[in-house]
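What follows is a set of notes on a single structure, which appears directly below.
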Amino acid sequence: MEKGIINETEVRKWFDIMRGGNKLTEVRIIADKVTYSGYFNDVDDIISAIKPYAKYNIYFTINDISDACAGRAQMGHIIQAPKNTTSDKEIQGRCFVFLDIDSKKIAGVNATDEEVEYTRAKARKIYKFLLQQGFYKPIIVNSGNGVNIYLSCQLAATPENDDLVKRFTMAMSMIFSDEHCEIDEKVFNRARIAKIWGTWSRKGNNTDIKRPQRPCASLFVPDEIKVNDIEYFRKIADLYPQPEQATRENNYHSSEQFDLDAFLQKYNIAVSSVENVADGKKYILEHCVFDENHRGKDAVIFRNNNGAIAYYCFHNSCSGYHWKDVRLKFEPDAYSRRERGKFEYRQQYTQKITKETFKPLEETEDKGKKWLEMRDIKNLDLSQMTFIPTGYDMLDTRIMGLLLGEVTILSGIAGAGKTSWLDCVCLNAVQRGFKTAIWSGELVDSRFKNWMMQIAAGKNYVLPNHKYQDVYYAPQRIVEKICPWLDGKMFLYNNNYGNKWSQIFADVKRLVDEQDVRLFVLDNLMSVSIEDMDKDKYIRQTKFIYELKDYAKKKNIHVILVCHPRKQEGFLRIDSISGTADLTNLADNVFIIHRVNDDFVSRAGQFWGHGKAEIYKDYDCVLEICKNRSFGAIDYIVPMYYEKETRRLKNSISEHINYDWQEVGEQQTFESQDLPAMSDFPADDFPSADDII
């Protein structure tokens, strides 16, 4: 592109993508101490209007502006020193959240090639971070001296959302700004302007060959620009530190500010460097506080000038830890007992279990006393018992997960979400180090694999099936990365060997002994042929559940048994489950999954009361604990959201699990130095989701 010439093709691309539908747009031109402005809704008019001003910086309003602005004097043409330009109050709503990555340099000059390359390397890390947090692929633009990132959204123009976008921008700056480049914290306002693609960045003169003027152009535009839910922005915004309330427990009741440097020194928390960033300092630790294998620049502590402190580690397994957790690790009495309990729960379930932690005591030769006195019985110690976390926070908090040695019955009508929930539980178990085996009497192996791959891949690694609406799949290149991760950890029974329980059970026993499987799913009871027992179906089922329970206790595994409900009218209850009553009587846990719709709200309201049922109408599914032997939890509801791209049932809209198949290695870091140089990938080949694996 010749210097000083507008790239009309790129301008048209900009207008089509960023202002599609001929939206009213203000073009603003910043010259030497002079501002020009014009309002347009046609790209040809824009091109004609801006050509005479190609030697200046040319911008546009990135968000939707009020149609009333079309009545201003500069509608349809550019005027100098306009009386009015677009203000925040004239923005109807936000359609993009904007991140501006700029190199740190003196004012009034262009960036060097080295400085620009650093901002592009930083953009790749931010891009990867956003995808790992569950955001859809953003638009990436070369601004000339740095990189712009546009995240599609639909946010109302409210003070609350203004604060949200501000905290989101500040959190991103806190995490990613460094001594070489920064995320501009001042670009959160509604009426934000950004450079038009196809125009030039003119911050400095055009005579310094080391600091040349450069064009603004798109680097990467996803095939489909999807709108990110507000909850994803909230998740990142909440990482930004807020001053804590003064309490006696947290020692902030003193008039003196908490001494972070003294805390780090007292507990020998090694700091590799300290960087000055906007509004505070960033302490880059030698390694993560919770996992010493996370080294490099993976773990940081940020201290705001107002005294607020935040902690963040880039690794998936530690991303749930925050500053309070760091404080509690070294000073258990710093906060309330409730906060301490939350920390202990997170610590238990963010560490993978690689081997069995509970080993029963060896029995004496004569098995001890036949009748035990109370002094002979050991006190129950929950810390010595092993639970498989399901990955559903409310469920794991209430019953601690799936206790080894127990049997759980899962039920629900067709389409309620049983298979999606089971698949998520199995993958979450593998993620935590528990090997899993599944017998499926309903799904052929290829369909089972497709669904499991779809869930494991995550929404940024699946593709739409264009033949069908809202149908997605994991492409082969992603499947080839997931399968090695699951090798030796997840097993599906080959249905070519039939559905006779005696054969299945024999093969289950062999697998458990040889592979140390800890979770076995039997889906479902009605598809199993329980032969070689009494002729009466219900007597056979009773013997079957006794046998299953005895085996689960003997081998210290957890068994999930799927049982279909009887066909009936009304709200599904525990006595609606088909089969002998001994199934639910003898099971340790009974869960029912309900799909939330108008019928659910109506029928559930008849049992729980309409007020309670209405609470869940914004969710997609709920899991009801109908029975729990260990903790006595009953009538407890776990709400869940369904994500159509992945078939995942999630704790929250913004939840995004990155399974370990995405890990590059034990020492994976976001500060990799083998990033391509500027010339190594063209503008239309900014890294896709697949490129960053």
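Since every read-out is calculated from the coordinates, none of them should be taken as a lab result. It should be emphasised that the depicted structure is a prediction, and the values quoted were computed from it without experimental measurement. Every residue, glycine as well, gets a Cβ built from its backbone with ideal geometry; the counts of neighbours run over all protein chains shown.
Which angle from 0 to 90°, rounded to the nearest 10, does the C-alpha axis of helix 337-349 make with the longest principal axis of the chain?
Taking Cα atoms only, the helix is inclined about 80 degrees.
Put a dot 7 Å past each Cα toward the Cβ at Thr397 and Glu179; how far apart are the dots in nm?
Label at Glu179, label at Thr397, 4.2 nm between them.
Just one of (i) 54, 30, 24; (ii) 63, 26, 23; (iii) 38, 31, 25 is semi-axes √(5λ) of the Cα gyration tensor in Å as worked out from the coordinates here. Which one is it?
Label of the calculated value: (i).
Between Asp113 and Arg447, how high is the FRET efficiency from 1/(1 + (r/R0)^6) when r is the Cβ-Cβ distance and R₀ = 51 Å? Nearest 0.05.
On the way: r = 51 Å, r/R0 = 1.01.
Working from the Cβ atoms, E equals 0.50.
Please state the relative contact order of segment 384-662 as a whole percent: Cα pairs under 8 Å, 6+ residues apart? Write out the running numbers ahead of the final one.
Values: 503 pairs, mean separation 73.8, N = 279.
Over segment 384-662, the number comes to 26 percent.
Can you tell me how much longer the chain between Met526 and Val271 gets when fully stretched, taken as 0.36 nm per residue apart minus their C-alpha distance, in nm with one decimal? List each step's numbers first, then the result.
Working: separation 255, 0.36 × 255 = 91.80 nm, distance 5.92 nm.
So the chain would gain 85.9 nm between Met526 and Val271.
What is the distance in Å between the Cα centroid of segment 567-629 and that of segment 633-659?
Each part's Cα centre sits 17 Å from the other's.
Using Cα centres only, tell me the gap between segment 82-120 and segment 428-469 in whole Å.
Distance between centres, Cα-based: 41 Å.
If each residue of separation counts as 0.36 nm, what is the full-extension length gain between Ala262 and Lys297 once their alpha-carbon separation is subtracted?
On the way: separation 35, 0.36 × 35 = 12.60 nm, distance 2.15 nm.
Result for the pair: 10.5 nm of gain on full extension.
Excluding residues on the same chain fewer than 8 positions from Lys617, give the lysines whose Cα lies under 16 Å from its Cα.
The qualifying lysines are Lys650.
Only residues of segment 210-247 count here: report those whose backbone N is under 20 Å from the spot 7 Å along Cα→Cβ of Asp618, or say none.
227-239
Add -39500 (n - 2.57) for each DSSP H run of 4 or more in the chain, then divide by its residues: what number comes out at 222 nm, to the nearest 500 deg cm²/dmol?
Numbers: 17 runs with 193 residues, N = 693.
The helix-only estimate for the chain comes to -8500 deg cm²/dmol at 222 nm.
Report relative contact order for the chain in percent, whole number only (criteria: Cα-Cα under 8 Å, sequence separation at least 6). Mind dumping the intermediate values first?
On the way: 1253 pairs, mean separation 83.8, N = 693.
Normalised by residue count, the contact order of the chain is 12 percent.
For Val521, enumerate residues with amide H under 5 Å from its amide H, sequence gap 5+ or separate chain, H modeled in the peptide plane.
When sequence neighbours closer than 5 places are left aside, the close amide H contacts are Ala437, Ile438, Trp439, Ile560.
Report ³J(HN,Hα) in whole Hz for each residue of segment 170-185, in order, from the Karplus equation J = 6.51 cos²θ - 1.76 cosθ + 1.60 where θ = phi - 60°; Gly and Pro get x.
Computed from phi, the couplings for segment 170-185 are 5, 5, 5, 5, 4, 7, 10, 5, 8, 6, 9, 8, 9, 8, 5, 7 Hz.
Please report the net charge: other residues with Cβ closer than 10 Å to the Cβ of Gly458, K and R +1, D and E -1. Don't skip to the end; give the middle numbers.
Numbers: positive: Lys459, Arg648; negative: Glu643, Glu645.
Result for the neighbourhood of Gly458: 0.
Going by amide H atoms built from the backbone, whose H comes under 5 Å of the H on Ser177, apart from near neighbours?
The list, which skips near neighbours in sequence, is Ile183.
So which chymotrypsin sites (Phe, Trp or Tyr not before Pro) in segment 518-581 pass both tests, a DSSP loop state and at most 16 other Cβ atoms within 10 Å of the Cβ? Don't skip to the end; give the middle numbers.
Numbers: sites: Phe520, Tyr538, Phe544, Tyr546, Tyr551, Phe571; in loops: Phe571.
Here no chymotrypsin sites (Phe, Trp or Tyr not before Pro) fit, given the DSSP loop and packing criteria.
Explain nothing, just compute: Karplus ³J(HN,Hα) = 6.51 cos²θ - 1.76 cosθ + 1.60, θ = phi - 60°, for every residue of segment 19-29 in order, whole Hz, x for Gly and Pro.
10, x, x, 6, 5, 4, 9, 8, 9, 10, 10
Can you list the residues of segment 412-446 with backbone N under 14 Å from a point 7 Å past the Cα of Tyr473, pointing along Cα to Cβ?
Hits in segment 412-446 for Tyr473 at 14 Å: 446.
When the Karplus curve 6.51 cos²θ - 1.76 cosθ + 1.60 is applied with θ = phi - 60°, which whole-Hz ³J(HN,Hα) does each residue of segment 469-476 get, with x for Gly and Pro?
7, 6, 10, 10, 8, 8, x, 4
Between 0 and 90 degrees, rounded to the nearest ten: what's the tilt of helix 501-515 against the longest Cα principal axis of the chain?
60 degrees
Tell me, what is the FRET efficiency for Gln515 and Thr158 to the nearest 0.05, using R0 = 60 angstrom and their Cβ-Cβ distance as r?
0.65
Starting from the Cα-Cα distance between Ala506 and Ile30, subtract it from 0.36 nm times their residue separation and give me the gain in nm to one decimal.
Working: separation 476, 0.36 × 476 = 171.36 nm, distance 7.77 nm.
Net length gain for the segment: 163.6 nm.
How much FRET efficiency would the formula 1/(1 + (r/R0)^6) give for Glu286 and Ala73, where r is the Cβ-Cβ distance and R0 is 60 Å, rounded to 0.05? Present the calculation step by step, with values, prior to reporting the outcome.
On the way: r = 60 Å, r/R0 = 1.00.
Efficiency computed from Cβ-Cβ geometry: 0.50.
Under 30 Å Cα to Cα from Lys55, which lysines show up? Leave out anything in the same chain fewer than 8 places away.
Qualifying lysines at Cα under 30 Å: Lys3, Lys13, Lys23, Lys33, Lys83, Lys104, Lys105, Lys122, Lys186, Lys195, Lys203, Lys210.
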